[in-house]
1. Taking the stated definitions as given, is residue 65 at pLDDT 95 or above and closer than 23 Å to residue 173 by Cβ?
2. Do you know which of the residues in segment 1-60 that are aromatic (Phe, Trp, Tyr) and assigned to a helix (DSSP H, G or I) is nearest to residue 113 (Cα to Cα)?
3. Residues of segment 31-60 being among the aliphatic types (A, V, I, L, M), surrounded by 13 or more Cβ atoms within 10 Å (Cβ to Cβ), closer than 22 Å to residue 80 by Cβ and under 16 Å from the mean Cα position of the chain (by Cα), which ones?
4. How many residues does segment 97-143 hold that are within 18 Å of residue 179 (Cα to Cα) and outside any helix (DSSP H, G or I)?
5. Pull up segment 155-165, narrow it to residues that are part of a helix (DSSP H, G or I) and surrounded by 12 or more Cβ atoms within 10 Å (Cβ to Cβ), then point me to the one that is modelled with the lowest pLDDT.
6. What's the number of the only condition in (1) farther than 13 Å from residue 83 by Cα; (2) of a type outside the set (Val, Ile, Thr); (3) surrounded by 13 or more Cβ atoms within 10 Å (Cβ to Cβ) that residue 130 fails to meet?
7. Name the one entry in 152, 172 that is in a loop (DSSP other than H, G, I, E, B) and among the small types (Gly, Ala, Ser).
8. For segment 61-75, which positions are in contact (Cβ under 8 Å) with a residue 24 or more places away in the chain, surrounded by 18 or more Cβ atoms within 10 Å (Cβ to Cβ) and in a helix (DSSP H, G or I)?
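The values are calculated or read from the model by the stated rules, or taken from the named source; none is laboratory data. Since we're looking at a predicted model, the values are computed, not measured. Cβ coordinates were reconstructed from backbone atoms using ideal geometry, including for glycine residues, and neighbour counts include every protein chain displayed.
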Amino acid sequence: MNYLAHLHLGGQTPAQLLGSLYGDFVKGLLPGRFPSDIEEAIRLHRRIDAFTDAHPLIKQAMGRFPDQRRRYAGIVLDVFFDHCLARDWEQYSDVPLQTFTRKVYRVLANEPELPERLAMIAPRMAAHDWLGSYRDFEVVGDALAGISRRLSRPEGLAGAMQELQALYRPLSEDFNEFYPQLQAFAQAALAAGRTSAD
């Protein structure tokens, strides 16, 4: 899952929203590095990733890509699934997407000590509405181009958009089947966390 899905799944308090994003920017052991509620959200982010990576529907979706793409299929799928979520947002949330994304950008702007790379991109994320713009399929290509610039082998994502165009319908169906299961997993984890904190 990519930024939008993690933010949607990880809880809606400011600390949960921050931790949901930090999970993509913070590696290694956590204890003592952040406030406990942010650390808990980072741990949930990691559990969501593990659940996703091991799920048969994700293995099925990744198997739709040509063999030469398999190493990078997970990256492509993460970004495409954020597009699916933004496109079909009303099915999964009672809060309008624009209202949700504005809240996220406000939380980021109010946090003085973001992890270094997130601190660099957060202003651009808000200024260009990265999260809301995923509704447009063309933005998936822009996101993949940005990711490719950070890869040691950027050619690994060359041609991915053409593959997504060809696979648009079956991958959308994979998302529609998988995401409610992921939502149920995340909601159960959040409920368990609240219970253990009581």
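1. When the stated conditions are applied, residue 65 does not pass them.
2. Selected residue: 22.
3. Of everything in segment 31-60, those that are among the aliphatic types (A, V, I, L, M), surrounded by 13 or more Cβ atoms within 10 Å (Cβ to Cβ), closer than 22 Å to residue 80 by Cβ and under 16 Å from the mean Cα position of the chain (by Cα) turn out to be 48, 58.
4. Number satisfying all stated conditions: 2.
5. The extreme case among them is 156.
6. Among (1) farther than 13 Å from residue 83 by Cα; (2) of a type outside the set (Val, Ile, Thr); (3) surrounded by 13 or more Cβ atoms within 10 Å (Cβ to Cβ), the lone unmet condition for residue 130 is (1).
7. 152
8. Scanning segment 61-75 gives 61, 69, 72, 75.
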